[in-house]
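Below is one structure, written out as structure tokens; the observations come after it.
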Amino acid sequence: MSGNLSFTLVIAAMLSSIIFSGTAIAGAKDSTAALPVGGTKEMTTYKAKQVKIGQYKAVFLESAAVDTKVEKTQKVTEFLNELKGIINATIEKSLRDTGRFQSVTSTKSQMPTSAGHLVCKSDSVIIFTNFDKARFMPGYGDGKSRIIMVLSIEDAQSGEILLKYTGWGTLYDDFGQSTIDKLRVDIADISGYFASLIKGLPD
């Protein structure tokens, strides 16, 4: 039994090495909030080869997209609306804190018209799991619910993705205040890391 387990672990490690060597960048670029691409932060980060962030002086922040597969009751809808507000505010603050842009706004009329700018998009999903069922399903995250959050910046004119990052965190299995409090921490961590990637881009 232990020999079979060891063999399985070795095979899994080999497959993981193959999957994440050379293909992580493509996976990160195509990632969605439906499923995380997995692996380290480097594996879930895509950067365009020729990025010159210095030419962009402004960022337009699109309203966050949030969703869950749970039935949209009034409580769930209110939860998602509150979550959207938290995400929008947190990302806007993170972008401002980079110090790389003269303008960061979610109001189109405030965007400068004389120069090219970036568009920041965020797509998040809350996946709630049933502990009684999930614990019997291999690879289902040990029954832990999670937020999956995909952040990207794109050239507003060409639509080219310059930077994309998929992050996630675990959370409680309900729609209460404790879950919102946990999400604030995860969203700040994910947005903060994304902002650090922007700060590190060349001019």
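Out of the stretch 67-103, which residues are surrounded by fewer than 13 Cβ atoms within 10 Å (Cβ to Cβ) and in contact with a Lys or Arg (Cβ under 9 Å, 6 or more places away or on another chain)?
GLY99, GLN102
Do we have any residue at all in the stretch 182-190 that's over 17 Å from the mean Cα position of the chain (by Cα), in contact (Cβ under 8 Å) with a residue 12 or more places away in the chain and exposed (fewer than 14 other Cβ atoms within 10 Å of the Cβ)? Steps first, answer last, please.
Here is the first cut: in the stretch 182-190, the ones over 17 Å from the mean Cα position of the chain (by Cα) are none.
Looking through the stretch 182-190, none of the residues is over 17 Å from the mean Cα position of the chain (by Cα), in contact (Cβ under 8 Å) with a residue 12 or more places away in the chain and exposed (fewer than 14 other Cβ atoms within 10 Å of the Cβ).
Would you mention how many residues in the stretch 43-84 are charged (D, E, K, R) and either touching a Ser or Thr at 6+ places or on another chain (Cβ under 8 Å) or assigned to a helix (DSSP H, G or I) (or both)? Give the derivation first.
So in the stretch 43-84, the residues charged (D, E, K, R) come out as 47, 49, 52, 57, 62, 67, 69, 71-72, 75, 78, 82, 84.
Pick out the ones that are also either touching a Ser or Thr at 6+ places or on another chain (Cβ under 8 Å) or assigned to a helix (DSSP H, G or I) (or both) and you get 57, 62, 67, 75, 78, 82, 84.
Qualifying residue count, the stretch 43-84: 7.
Take the residues of the stretch 163-203 that are outside any helix (DSSP H, G or I) and closer than 16 Å to ALA28 by Cα: which is modelled with the lowest pLDDT?
Step one: list which residues in the stretch 163-203 are outside any helix (DSSP H, G or I), which gives 163-176, 200-203.
Checking which are closer than 16 Å to ALA28 by Cα leaves us with 163-168.
On the way: LEU163: 97, LYS164: 97, TYR165: 97, THR166: 97, GLY167: 96, TRP168: 92.
Residue satisfying both the conditions and the ranking: TRP168.
Considering only residues that are loosely packed, with under 12 Cβ neighbours inside 10 Å and either of a type in the set (Gly, Ala, Ser) or touching a Ser or Thr at 6+ places or on another chain (Cβ under 9 Å) (or both), which ones fall in the stretch 104-117?
In the first step, residues of the stretch 104-117 are kept if they are loosely packed, with under 12 Cβ neighbours inside 10 Å; the result is 107-110, 113-114.
Listed by number, the residues that qualify are SER109, GLN110, SER114.
Of everything in the stretch 118-147 that's at pLDDT 90 or above and surrounded by fewer than 21 Cβ atoms within 10 Å (Cβ to Cβ), which residue is farthest from the chain's Cα centre (by Cα)?
By that ranking, first place goes to VAL119.
Cβ contacts < 8 Å: first residue over 23 Å from GLY192 (Cβ atoms), restricted to the stretch 70-92; second residue of a type in the set (Asp, Glu) and part of a helix (DSSP H, G or I), any location; separation 6+ or different chain. Result?
none
The values are calculated or read from the model by the stated rules, or taken from the named source; none is laboratory data. Please read all numbers here as calculations on a predicted model, not as lab measurements. Don't worry about glycine lacking a Cβ; one is built from the backbone with ideal geometry, like all the others, and counts go over all protein chains shown.
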